[in-house]
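> Below is the structure I would like to discuss, written out as structure tokens.
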Amino acid sequence: MGCCSGRCTLIFLCTFQLMVALERQVFDFLGYQWAPILANFFHILVVILGLFGTIQYRPRYIVVYTVWTALWVAWNVFIICFYLEVGGLSKDSDLLTFNISAHHSWWSEHGPGCVRREIPASGNRSADTQSYISIMGCLLEYQYIEVLHSSFQILISLLGFIYACYVISVITEEEDSFDFIGGFEPFPLYHVNEKPSHLLLKPVHQ
């Protein structure tokens, strides 16, 4: 019963984790955040692998999922530090876009309550005139939305890590006990040597 409940819980966590990762991938694509896009892609692949391993009783796949979950927690901690500008990091830098473009989080212009206004840089409006984008009225700043996203990812990953370790230990114990009783032996463990029937019927000479 414990293994079944642990497996069912891990299957649910992996499925929910996959849905949340896909949602995050969409918003990172909208913001052209190349580093998070790449990290999300690997995360989705490993979560699918962990889900398959849990369903098919493959502890090695679950081990891969467990190791990646620890790395995923570290990555989301870095994202939190990046947007909160901890340790000299700046949320306005192009670090998450590999310095390829000047794009930022999609939430910076489309957050809840945000009003986007374009203000011309000069009075002469032409095709080459660049406009200054002003964002006003946001109920929640975009960096805090990103921090909440990463915090939620960390919470789910920690739960997945705990249940994955539990499922691995239970499956391993079951395999060891099955091997102990001779489940993988070519012959039964308890073999009774019996005399051939023709020897039993042979008369005794006096």
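Coordinate-derived values only; no laboratory data. Model, not experiment: these values are computed from the prediction. We place every Cβ from the backbone using ideal geometry, glycine too, and count neighbours over all the protein chains shown.
> How many nm is it between the label spots at MET19 and LEU38, if each spot is 7 Å from the Cα in line with the beta carbon?
3.0
> Ordered by residue, what ³J(HN,Hα) values in Hz, to whole numbers, does region 32-38 give under the Karplus form 6.51 cos²θ - 1.76 cosθ + 1.60, where θ = phi - 60° and Gly and Pro are x?
For region 32-38, the Karplus-derived couplings read 6, 8, 5, 5, x, 4, 5 Hz, x marking Gly and Pro.
> Could you give each residue of region 13-18 its phi-based ³J(HN,Hα) in whole Hz, using Karplus coefficients 6.51, -1.76, 1.60 with θ = phi - 60°, and x for Gly or Pro?
After applying 6.51 cos²θ - 1.76 cosθ + 1.60, I find 5, 5, 5, 5, 4, 5 Hz.
> Enumerate the amide H contacts of LYS91 below 5 Å, restricted to partners 5 or more residues apart or on another chain; note that Pro and chain-start residues carry no placed amide H.
Sorted by chain and number, the residues that satisfy this are GLU85.
> Could you give the length gained by full extension between ASN99 and ILE11, i.e. 0.36 nm per residue of separation minus their alpha carbon distance, to one decimal place?
27.9 nm is the gain from fully extending ASN99 to ILE11.
> From the backbone phi of region 97-109, what are the Karplus-calculated ³J(HN,Hα) couplings (6.51 cos²θ - 1.76 cosθ + 1.60, θ = phi - 60°) in whole Hz, Gly and Pro given as x?
10, 6, 6, 7, 9, 9, 6, 10, 4, 4, 6, 5, 10
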